[in-house]
Amino acid sequence: MKKDFLSISDISEYELESIVADAVRLKRLKYAGTAHEYLRGKSLAMIFEKASTRTRVSFEVGMSDLGGHALFLNPQDMQLGRGEEVRDTARVLARYVDAVMIRAYRHDAVEEFARYSTVPVINGLSDRLHPCQVLADIMTLSERFGDLRDLKLAWIGDGNNVCNSWLLSSALTGMEITVASPPPYQPKDAIVTRAREAGGRVRITTDPAEAVRDADILYTDIWVSMGDEQQRTERLRALKGYTIDEHLLARAPPDALVMHCLPAHRGEEITDEVIEGPQSIVWDQAENRLHAQKALLVRLIGADIPAE
C-alpha cells in the first residue's frame with residue numbers, strides 16, 4: 001500500500017528515527033564519493049506552484065544521486081494552469097512516475113492530489129505545513145545532540161507552516177516547543193490542540209525573552225511568506241520586537257543554537273550578526289534537506305538502505 005508524506009504526523013516515532021539514521025548513512029556515502037543508486041530507474045514528478053531554491057535543488061540532486069530522474073513541472077506549462085482538475089492530473093501522473101512532490105499554495109490541494117494518486121505524494125510545502133523542512137531540521141539536531149528528548153526549541157515570530165510542523169513533530173521527538181508570537185500570528189488553535197492531543201509539549205507566549213530563557217535552539221522564519229505580500233506593512237509592524245538579534249540571543253543559554261529555514265530577510269526576523277555568528281547552524285540544516293529527502297524517497301519508493 002502506498003504511503004504519502006503530507007505531514008510529519010504521517011510517520012511514526014520509529015519511522016522518523018529510521019529515516020534520520022538512513023539520511024546520516026546517505027550523507028556519509030555522498031561525502032565518501034560512494035555510489036548509492038537505490039532508485040535507479042525511478043522517476044519523481046515535482047510540481048511547483050511556488051518558487052523554490054532548496055526544495056527544487058535538493059529533490060532534483062537527490063534523485064540524481066540515487067540513480068533516478070526528477071521532472072520539474074510548472075503548473076503554467078501544464079494543463080493544471082488551464083483549469084484541469086487536480087484529481088485528473090494526479091491520476092495521469094501516477095501512471096507515468098513513481099512519486100510526486102508538490103509545492104502548493106493550498107494544503108487541501110496537496111491532500112486532494114494524494115487522495116487520487118496511486119503513487120506516493122510528498123508535501124514540498126503548503127500554506128499549512130512544511131514537513132520536509134522539519135525532517136531535515138530534526139536530522140541536523142540529531143547530529144548535534146543525539147537524543148532529542150527534552151530539548152527545548154523556541155520559535156520566534158510568525159507561527160507559520162514550518163512552525164506548525166514543528167509543533168506536530170514534538171509528539172515524535174519528545175522536544176518541548178515554545179512559540180513566541182503576537183496574537184494575530186500565533187499558530188492556529190487546531191494545530192496546537194492536535195499537537196497536544198498527540199502527546200506534544202507545546203507552549204504559546206507573546207514574550208520572546210520568556211521563550212528563549214532556557215531554550216537549546218532558537219528558530220525563526222521570514223515574516224512575509226509567499227502569498228502574504230499584500231500584508232507586508234501590517235506584518236512588519238506586528239512582528240517588530242520578534243527579531244532574533246544579539247540582545248535576544250544573549251537572553252538564551254550561552255550554548256544555544258540558532259536555526260532558520262531560509263530564505264532570510266536579514267534585519268527583519270534575524271540579524272546578519274546572528275545568522276553569520278558561531279551559534280548559527282543554518283547552513284547545516286539547509287544542506288541536510290538533500291540527505292533527509294533522499295532517505296525519505298528511498299523509504300517511499302525504493303528498498304531498504306543496506307547497513308554499513
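Return the total of residues in the range 135-163 being of a type outside the set (S, T, N, Q), buried (at least 20 other Cβ atoms within 10 Å of the Cβ) and under 25 Å from residue 246 (Cα atoms). Steps first, answer last, please.
Let us first name the residues in the range 135-163 that are of a type outside the set (S, T, N, Q), namely 135-139, 141, 143-159, 162-163.
Still in the list and also buried (at least 20 other Cβ atoms within 10 Å of the Cβ): 135-139, 141, 148, 152-159, 162-163.
Okay, now just the ones that are also under 25 Å from residue 246 (Cα atoms), so 137-138, 141, 152-159, 162-163.
The total comes to 13.
So, of the residues in the range 258-303 that are of a type in the set (A, V, I, L, M, F, W, C) and out of contact with any helix residue (DSSP H, G or I) (no Cβ under 7 Å at 6 or more places or on another chain), which turns out to be farthest from residue 64 (Cα to Cα)? Per the stated criteria, the residue is 270. If a residue has to be under 24 Å from residue 58 (Cα atoms) and either β-branched (Val, Ile, Thr) or in a loop (DSSP other than H, G, I, E, B) (or both) to count, how many in the range 147-163 make the cut? Of the residues in that region, 2 qualify. Residue 180 meets all of the listed conditions (1) within 19 Å of residue 253 (Cα to Cα); (2) touching a Gly at 6+ places or on another chain (Cβ under 6 Å) but one, namely (2). The set of residues in the range 1-43 being of a type outside the set (A, V, I, L, M, F, W, C) and modelled with pLDDT under 95 consists of 2 alone.
The set of residues from the range 1-26 being outside any helix (DSSP H, G or I) and among the basic types (Lys, Arg) comprises 2, 3. Residue 230: of a type in the set (S, T, N, Q) and farther than 22 Å from residue 137 by Cα, yes or no? In short, yes. Consider the range 83-132 and keep the residues that are touching a helix residue (DSSP H, G or I) at 6+ places or on another chain (Cβ under 9 Å) and among the aromatic types (Phe, Trp, Tyr). The one that is nearest to residue 297 (Cα to Cα) is 113.
In the range 293-308, which residues are charged (D, E, K, R) and either within 15 Å of residue 4 (Cα to Cα) or surrounded by 10 or more Cβ atoms within 10 Å (Cβ to Cβ) (or both)? So that I can check it myself, show each step before the final result.
First, pick out the residues of the range 293-308 that are charged (D, E, K, R): 294, 299, 304, 308.
Hits for the range 293-308 are 294, 299, 304.
The values are calculated or read from the model by the stated rules, or taken from the named source; none is laboratory data. This one's a predicted model, so the numbers in the text were calculated from it and none came from an experiment. Neighbour counts are summed over all protein chains in view; Cβ atoms, including those assigned to glycine, are modelled from backbone coordinates with ideal geometry.
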